[in-house]
Amino acid sequence: MRQDTVQARQDGNGKAAIRAGVLQQPRATRMLDKLNRPLHDLRISVTDRCNFRCTYCMPKEIFGTRFKFLPRSEVLSFEEITRTARLFTQLGVEKLRLTGGEPLVRKGIEELVAQLAGLRTLDGKPLDITLTTNGSMLARKAQALADAGLRRVTVSLDALDDTVFQAMNDIGFPVAKVLDGIEAAREAGLAPIKVNVVVKRGTNDQEILPVVRHFIGTGITPRFIEFMDVGNTNGWCMDEVLPGADVVQRISSEFPLVRLQASTAGETAQRWGFAGRDGRHDPMLGEVGVICSVTRPFCQSCNRARLSADGKIYTCLFATSGHDLRQVLRSGATDDDVLQFATDIWHGRSDRYSEIRASLPPSTRKAAHKIEMHYIGG
Ligand code: SAM
Ligand code: SF4
Ligand code: SF4
């Protein structure tokens with residue numbers, strides 16, 4: 001269909017013709033980028049603010065009291081976010097992940113969830129809506145989020161040892177309160193629950209086995225994430241990356257694991273199931289995930305676009321600049337103008353940073369303008 005649209009433009013028929021083209025023909029095929037990747041997920045950062053100061057994401061020295069967060073007027077409203085999500089579903093998006101910053105610090109977040117829950121995929125199905133949170137406010141919010149239509153939740157928890165966890169979140173936040181949040185999510189039916197653990201060698205890698213022991217057989221899936229060089233403020237170095245293969249080896253020294261198939265196309269985590277006595281996966285024991293963003297990049301199947309809190313579209317977590325959708329939205333653009341804007345972005349996409357990271361000169365890897373994780377979300 002985009003071919004038709006482009007043709008109309010080349011014929012000099014102008015915008016009216018472009019609009020007619022878009023409106024008359026339902027989009028039956030998925031959009032592909034330059035590397036033939038479809039657009040499937042939209043990650044929406046609802047705020048750049050957070051109540052934690054995780055050392056690998058928002059180190060206190062940089063994100064202190066003098067740091068200038070986005071002014072309210074620059075942050076997308078719920079209506080702008082919902083409009084964007086609705087239009088992205090017309091381009092093939094089926095999954096939304098709310099993130100941040102900390103999404104639960106955004107006032108009235110459940111209202112946004114309720115608006116998004118009304119959207120449908122191209123096939124008329126409800127969207128898969130999930131949210132990544134540090135869990136600190138989940139005990140209070142889980143039921144309201146579930147009532148609003150949230151399906152699932154991912155909670156970040158880097159250690160079960162309080163000293164280690166409090167040093168990593170750097171505000172002295174206790175493990176027990178995050179565990180309460182996870183419990184509240186379970187009671188509210190926000191399942192399956194995943195627990196994200198960012199592993200930094202020498203900081204919390206001794207926590208891998210305790211985390212596994214804690215969650216095995218509970219239906220909750222821990223996912224161990226390699227420490228990434230997102231942004232420029234977290235002092236990343238390769239020595240602190242514990243390869244996912246080592247994580248698997250450490251876990252299987254105590255709990256035999258079997259590799260499981262990816263459950264969806266473009267899934268970021270390698271899935272490993274706990275083996276029962278017969279050596280086969282025992283679903284009652286559950287599984288773990290390993291996200292090898294550094295050592296085993298998955299750019300080839302990366303089907304995610306990201307919307308920052310101030311309305312920029314990013315096509316890669318390691319991008320140095322975004323596409324200013326907010327400006328388009330606030331200029332009075334029609335739905336078709338927005339669709340065209342998004343389509344052009346996806347068609348022009350060729351990002352594969354993690355695949356080429358090792359071949360980049362250090363000066364490029366440390367480009368001062370690489371976006372920060374708290375701004376774009378995970
Ligand atoms: N505040 C929420 C949270 O922590 O879950 C959502 C936003 S946070 C940016 C999303 C995910 O990114 C979290 O699971 C976090 O642990 C992960 N993350 C942040 N910085 C990271 C880094 N440098 N490497 C790997 N994962 C990172
Ligand atoms: Fe906040 Fe999440 Fe970043 Fe930690 S990882 S500082 S909780 S946004
Ligand atoms: Fe996707 Fe960019 Fe990560 Fe590759 S580096 S998987 S393209 S976000």
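Taken together, the values in this text are just the output of simple stated rules run on the coordinates, not laboratory data. Since the model is a prediction, treat every value here as computed from it, not as a measurement. Neighbour counts are summed over all protein chains in view; Cβ atoms, including those assigned to glycine, are modelled from backbone coordinates with ideal geometry.
Report for the chain the percent antiparallel among DSSP-assigned beta bridges with both residues inside it, nearest 5.
Working: 16 of 44 bridges.
If we restrict to bridges inside the chain, about 35 percent are antiparallel.
Any lysines with Cα under 25 Å of the LYS107 Cα? List them, leaving off those in the same chain fewer than 8 positions away.
Excluding near neighbours in sequence, the set is LYS60, LYS68, LYS95, LYS141, LYS177, LYS194, LYS312.
Connecting C-alpha atoms closer than 10 Å in a GNM of the chain, tell me which of ALA146, ALA176, ALA191 has the biggest fluctuation.
Result for the chain, Cα springs under 10 Å: ALA176 fluctuates most.
What FRET efficiency comes out for the pair ARG277/ASP239, r = Cβ-Cβ distance, R0 = 35 Å, nearest 0.05?
Working: r = 39 Å, r/R0 = 1.11.
It comes to 0.35.
Could you give the longest part of the chain that holds none of the trypsin sites (Lys or Arg not before Pro) found in DSSP loops with at most 13 neighbouring Cβ atoms within 10 Å? Provide the component values of the computation, followed by the final result.
Details: sites that count: LYS34, LYS60, ARG66, LYS68, LYS107, ARG277, ARG280, ARG330, LYS366.
Longest stretch, sites excluded: 108-276.
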